[in-house]
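The values are calculated or read from the model by the stated rules, or taken from the named source; none is laboratory data. What you see is a predicted model, and the numbers here were worked out from it, not measured in a lab. Note that each Cβ is placed from the backbone with ideal geometry, even for glycine, and that neighbours are counted across all protein chains shown.
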Amino acid sequence: MSLVSINGLHKRFGTHHVLKGIDLRVKEGQVTAVIGRSGSGKSTLLRSINGLESFDEGSLDVDGVRITVGQTDLRQLRLKVGMVFQQFNLYPHLTAGQNVMLAPTVVKKTGKQQAEALARDALAKVGLADRFDSFPDQMSGGQQQRVAIARALAMQPKILLCDEITSALDPELVNEVLAVVRKLAEDGMTLIMVTHEMRFAREVGDQLVFMHQGKIHEQGDPKTLFAAPSTPELASFISSVS
Amino acid sequence: MSDFSLWDIIRNLLLAGRWTVLLSLIAFVCGGLVGIAILMMRTSSARLLRQFAVMYIELFQGTPLLMQLFLLFFGLSLTGMQVSPWLAASVALTLFTSAYLAEIWRGCVEAIPRGQWEASASTAMTYMEQMRHVILPQALRIAVAPTVGFSVQVVKATAVTSIIGFVELTKAGSMISNATFAPFTVYGLIALMYFCLCFPLSLYARRLERKINVSR
C-alpha cells in the first residue's frame, strides 16, 4: 500500500510547463530522495505534495486524502504532511518552544500543558531540549533548522517533506541537521527530500528520483543508480555534483 | 463690548481643545478598528472582498476629507436624516483614517517574508490563524512607528470639521477671533496648541522607529 500516490501531475506557470506528468508512489517508512538540476521541477513537485503549489492536471493521494485539480480545502492534507524549508522560516517573534507549540495549540486545540510537553519532547528529539526559551536569532542556522524539524514533527505528520534543508547552512552545520534526519529515517518516518547531499541520498535513501525537464527521468534504488546510471543525463548530473 | 484677557482666550481655546483631542481619539480608535477589517479584506484571497477594499481605500484617499464631510453632513440631511456635527465628524474621520491605516498596515503585512506564510500554511493553519498568530504580531512591530506618525495627520485633520459647525479648536478660535478682533494672537495660539499635540507624537514615532531598527 502506498502512503503517497501521485498520478499524472501537470503544473504550468503561465506558458512554462514545470511538471509534465509526474507519477510517483511512496510507501510508509520509505525515504525518497529527489535530485536534479535547478529548474528541473523538483521543488515544485515537493511543494505540491502539501498544497503550497496547485496543479493543473492529475491527482494526489496521501493516506486516504485525495486532492484534485482546483481543490482549495487543504487542511486534511496538511495535517498529514509536514514540511521543512531551506530558509528555516521560524517565527522570529516566538521562542523555539513557542514555535513548536503554536500549531498544535491553534490547529489541533491541544491544551497548553500537553502542547508544552509535546514541544519539549520534539525539541529533545532534535537535540535542543535546552533551547526551549531561545529566540531564533539567538541560535545558529543548524539549530534553527532543527527547531523547524521539531515544529513539523509536533503536528505528528505521516510524511515529512524536506526542501533542500541544508542548502542555506554553513558547511560545518550541515551534519548536525542530517544526523537528525537520519535518526528520523531510522525511526520509520516517511520522508521525501529534495537534496543536494548525494552521499546522504545514497546512504539513507530507499528510493531515488532523478528529475529532468519536468519529468521523472530515472527512478530506483539509490545505490544501484549512483553506481550505474542508465541514462546519460543522470550520469552527467552525478559527475557534475560529485 | 467686553474685554478679553489673554487668559480668557487661552482658557476658551483649551476648553475647545478637549473636543479636538476627543475627536482625534474617536477617529483613531474607530478608524483603527475599521482599518483592520479593511486590511483583512484587502489581503484576503476572496476577489470580491479585495475589490471592495481597494475601492474603499481609493474612494476615501482620492477625495478631499472636506467633501466627505459635506456629503455626510449636508447630503444626509437632504434625505431627511438628522445628522449632528458630532456624528458627521466622527464618521467622516473614521472613514478617512481607516482608509489610510489599512494601506499603511498592508505595507507592513506585505513586508513579512513569504516563508512565514508558507511555514504556517504547512502546519494546516487557516488564513485567520496565520494572520492572528504569525503575520500580525510581526507586522505590528514594524507598523507602530508609521501608525503613530499618521496619528499626527489625524489630529490636524480634525480642524476640517470646523466647517460643519463642530466646535473644536479651530472653530472656537475663529469665534473668539471674531469677538476679540485679535486674529493674530488667537490663531498663533491655536497653531501652538496643535503643535503641542502633534510634536510629542512625531517625536515618539521617531523614537519608536529607532528602537525597532536596533531590536530583534
Does B:T94 satisfy the criteria of being buried (at least 18 other Cβ atoms within 10 Å of the Cβ), within 10 Å of chain A (Cβ to nearest Cβ) and not acidic (D, E)?
-> no
Residue check, A:A96 against (1) closer than 23 Å to A:I165 by Cβ; (2) aliphatic (A, V, I, L, M); (3) within 13 Å of chain B (Cβ to nearest Cβ), all met but one. Which one?
-> (3)
Go through the range B:111-140 and give me each residue that's in a helix (DSSP H, G or I) and within 7 Å of another protein chain (Cβ to nearest Cβ).
-> B:G115, B:Q116, B:E118, B:A119, B:A121, B:S122, B:E129, B:H133, B:V134, B:P137, B:Q138
Kindly list the number of the only condition in (1) free of Cβ contacts under 8 Å to residues at least 60 places away in the same chain; (2) surrounded by 12 or more Cβ atoms within 10 Å (Cβ to Cβ); (3) assigned to a loop (DSSP other than H, G, I, E, B) that fails for B:Q82.
-> (2)
Scan the range B:175-185 and give yes if some residue there is assigned to a loop (DSSP other than H, G, I, E, B) and free of Cβ contacts under 8 Å to residues at least 60 places away in the same chain, otherwise no.
-> yes
Those residues that are within 18 Å of B:S122 (Cβ to Cβ) and more than 8 Å from chain B (Cβ to nearest Cβ), I need them from the range A:99-114; list them, please.
-> A:N99, A:V100, A:M101, A:P104, A:T105, A:K108, A:T110
Return yes or no: is A:L90 in a helix (DSSP H, G or I), out of contact with any Cys (no Cβ under 7 Å at 6 or more places or on another chain), modelled with pLDDT of 95 or more and under 20 Å from B:R132 (Cβ atoms)?
-> no
Checking A:R66, A:R78 in turn, the sole residue that is in contact with a helix residue (DSSP H, G or I) (Cβ under 7 Å, 6 or more places away or on another chain), without any contact (Cβ under 8 Å) to a residue 60 or more places away in the chain and either of a type in the set (G, A, S) or not in a loop (DSSP other than H, G, I, E, B) (or both) turns out to be A:R78
Of all residues in the range A:95-114 being touching a residue at least 24 places away in the same chain (Cβ under 8 Å) and touching a Pro at 6+ places or on another chain (Cβ under 8 Å), which is nearest to B:A139 (Cα to Cα)?
-> A:N99
Failed item, numbered, when A:D137 is tested on (1) touching a Leu at 6+ places or on another chain (Cβ under 6 Å); (2) within 13 Å of chain B (Cβ to nearest Cβ); (3) farther than 26 Å from A:G51 by Cα | (1)
Could you say whether any residue in the range A:184-194 is farther than 19 Å from A:L102 by Cα, within 14 Å of another protein chain (Cβ to nearest Cβ) and either touching a residue at least 40 places away in the same chain (Cβ under 8 Å) or among the aliphatic types (A, V, I, L, M) (or both)?
-> yes
